[in-house]
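Worksheet for the structure shown next.
The values are calculated or read from the model by the stated rules, or taken from the named source; none is laboratory data. The structure presented is a predicted model; accordingly, all values stated were derived computationally and were not measured. Reconstructed Cβ throughout: ideal geometry from the backbone, glycine too, with neighbour counts over all protein chains shown.
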Amino acid sequence: MEDGLVSEDDILLRSEKEFHDAAKRNDTERMQELIRRGVDIKVKNKMDRKALHWAAGAGSEQAVRLLLDHDMEVDDMDSFGMNALLLAAWFGHLSILKILVSMGAKLTCENKNGLNLLHCAAQRGHISILEYIMEDLENVQLNKVDKSGKTAFHLAAEHGHLEVVEFLIGMGCVHDLKDKVRDSKSQGCTDAPQCVLIRFSLLLDDGMTALHLAAEGGHYECIRLLLEAGCNVNELTHRLQTALHIAAEHGRQNIAEMILISGVNLNLLDKVQITVVVLECVEQKIFTILQMGEGMFSENVTSDSDSLVGTSLTFKQDHRQETQHIRSVLWKLASKYLKPGEWKTLARHWKFSDAHIRAIEHQWTGTKSYKEHGHRMLLIWLHGVISAGENPIKGLYEGLTGISMTDLAESMRQQANADPSSAKKCSTM
């Protein structure tokens with residue numbers, strides 16, 4: 001068969017293309033046969049890729065060894081700046097990576113986008129590659145940034161690789177990125193735990209942190225991990241957006257809710273000077289959650305965005321000792337006493353809108369889900385009442401009597417007042 005070009009837009013002869021394909025599928029017999037026929041093992045295709053690039057990317061260990069035995073240059077790059085080492089890291093081939101390292105591959109290599117070994121492994125979620133790099137290789141810069149200003153940590157969070165995020169957190173703090181960090185507190189940081197927290201807020205050129213990137217990508221578990229680790233939920237991008245804004249823009253209801261209850265400042269303004277609450281009109285499901293978080297059951301809060309500016313509003317899960325008893329009473333009310341549909345009647349009595357109720361119902365499904373729905377509504381109501389400085393026991397009694405459940409109202413009042421440590425008793429209703 002004539003050994004012509006593979007196609008008009010290619011520069012390889014058929015035998016050379018076949019050699020590349022054999023390297024990719026680890027067919028060393030065919031490779032050796034073609035070598036005996038005089039095929040140039042160092043030939044490049046139109047993207048400057050050699051057989052070693054294909055073999056490394058495909059994890060073809062025997063092909064890699066064969067090519068290296070024939071003095072193939074280990075650090076040659078293709079037109080994207082990817083060499084065999086970076087391709088092995090990108091595709092997660094640890095055995096190939098070790099072979100290349102043993103052959104003297106340059107460990108500080110980067111592609112044309114500035115991605116190094118750590119970046120490639122982190123972006124693709126290859127934890128075994130990262131462990132090898134960090135534990136067995138020397139002079140690894142954990143916080144090295146690519147040309148867009150992203151560290152391996154940013155990339156792992158952006159792409160939702162939870163195990164990688166956890167691993168990188170555990171590797172400690174390297175705080176030498178002064179040119180990329182806008183927070184002056186990072187200057188001269190010597191306290192290790194504090195440095196770890198500062199690292200979570202490393203800003204990209206557009207002001208995006210790992211939390212913003214994870215919110216944009218919809219990576220729930222990464223968000224949870226970052227919040228638990230203590231990252232700053234109120235960090236603003238250059239567009240003056242928090243992670244909550246970004247979750248809202250992308251319709252990430254579960255993420256918006258998690259960020260909300262972590263204690264975000266709801267009055268941080270975005271670029272066009274609208275609050276998070278107003279922004280959520282675009283995404284009704286999240287909008288209702290934010291409305292609840294602000295305690296809209298209070299008479300002095302209106303839908304006018306101006307009325308929401310100037311006051312620091314937060315909504316956190318309540319784990320305080322002084323509210324523990326009333327919270328247990330509310331759980332008992334929701335799980336044992338309220339029948340299907342009754343929590344909605346109580347919610348409407350307390351001026352919850354139909355949109356509020358639909359947002360609560362969205363979270364759980366099933367025949368017993370009404371218990372969770374009722375409990376959720378009661379906790380939201382409790383937050384609003386306590387924020388307004390009102391007596392929750394009195395409010396609960398009046399709410400239940402207001403929907404003609406007088407006997408239950410009295411029972412709940414007695415149970416709520418039964419605890420001598422209860423912060424607010426109500427003996428006269």
Helices (runs of 4 or more DSSP H) wholly inside region 369-429 containing at least 3 residues that are modelled with pLDDT under 90 and among the hydroxyl-bearing types (Ser, Thr, Tyr): 369-387
Matching helices (runs of 4 or more DSSP H) fully within region 74-140 where at least 1 residues are of a type in the set (Asp, Glu): 127-136
Filter result (over 14 Å from Phe91 (Cβ atoms), in contact with a helix residue (DSSP H, G or I) (Cβ under 9 Å, 6 or more places away or on another chain), of a type in the set (D, E, K, R) and surrounded by fewer than 18 Cβ atoms within 10 Å (Cβ to Cβ)) within region 34-64: Arg37, Asp40, Lys42
Filter result for the condition that a residue is among the hydrophobic types (A, V, I, L, M, F, W, C) and modelled with pLDDT of 50 or more, over Leu308, Leu346, Leu313: Leu346
Of all residues making up region 141-152, the number that are part of a helix (DSSP H, G or I) and surrounded by fewer than 24 Cβ atoms within 10 Å (Cβ to Cβ): 0
Qualifying residues in region 211-244 (those that are under 12 Å from the mean Cα position of the chain (by Cα) and among the small types (Gly, Ala, Ser)) - the one surrounded by the fewest Cβ atoms within 10 Å (Cβ to Cβ): Gly218
